[in-house]
Amino acid sequence: GFAGRVGRTLDVHEIGAPAVADLATMLRAGAAALIRFTADGAVEHLAGEMPIHLPAGATESGGSEILSRGEVQVVDEAQLRAAGIPVEPGVPEVLVAPLTDETGAFAVILVVRRDLQRLRFEKSDVARLKNVGEQLAVSLRRGMLHEQLEFEARHDALTGLPARTMFETEVGAAVHHGHEGE
């Protein structure tokens, strides 16, 4: 059902929020995060209380070291600190899954264990996150491409300002809204 839930829409927010909620449930996690890297920084989708400072970009200190591995991995607190990623004390393990395409990592999933009786992730958890990550990467990349195309269709390529039709629509809406207030 996961692929169906995240594949129904091209809205990246409607993909990210349910994805992290599903991941937290599937992996019995205390927290899950999806961080999308954009030209303006990072967009976060969170479920639960994340005890890790999330990277603002794929090249932020530590972010590039962890993401350059390009595979789902289990990382412990010491490895996160060594990579320069601030983490609260007592985090036993974190599952890290970079979402990649031909351009490299465009997002990352982080999952933190909740169950204090079983502090370690199992091989099946890694395999499940790898599978879910591959499905999510396709939907998320498609949504990000749609978002980019929508922006480019409505904005001037040189200035980034709204194109004429968008400008006329916005002015018309503002004028209409202004007349309603009279």
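The values are calculated or read from the model by the stated rules, or taken from the named source; none is laboratory data. No experiment lies behind these values; they were computed from the predicted model shown. Reconstructed Cβ throughout: ideal geometry from the backbone, glycine too, with neighbour counts over all protein chains shown. Side chains are part of the model used for accessible areas, which takes the heavy atoms of the whole protein and leaves out ligands, DNA and RNA. Shrake-Rupley method; radii C 1.70, N 1.55, O 1.52, S 1.80 Å.
In this label model, Asp40 and Glu150 are separated by 1.3 nm, measuring between points 7 Å along each Cα→Cβ vector. If I model a spin label as a point 7 Å beyond the Cα along the Cα-Cβ vector, how far apart are those points for Arg142 and Val175 in nm? Calculated label separation equals 4.0 nm. Counting only protein heavy atoms and a probe of 1.4 Å, the accessible surface of region 123-166 is 60% carbon and sulfur.
Once both labels are positioned 7 Å from their Cα atoms along Cα-to-Cβ, the gap between Leu158 and Arg81 label points is 5.4 nm.
Rolling a 1.4 Å probe across the protein heavy atoms gives region 100-166 an accessible surface of 66 Å² per residue.
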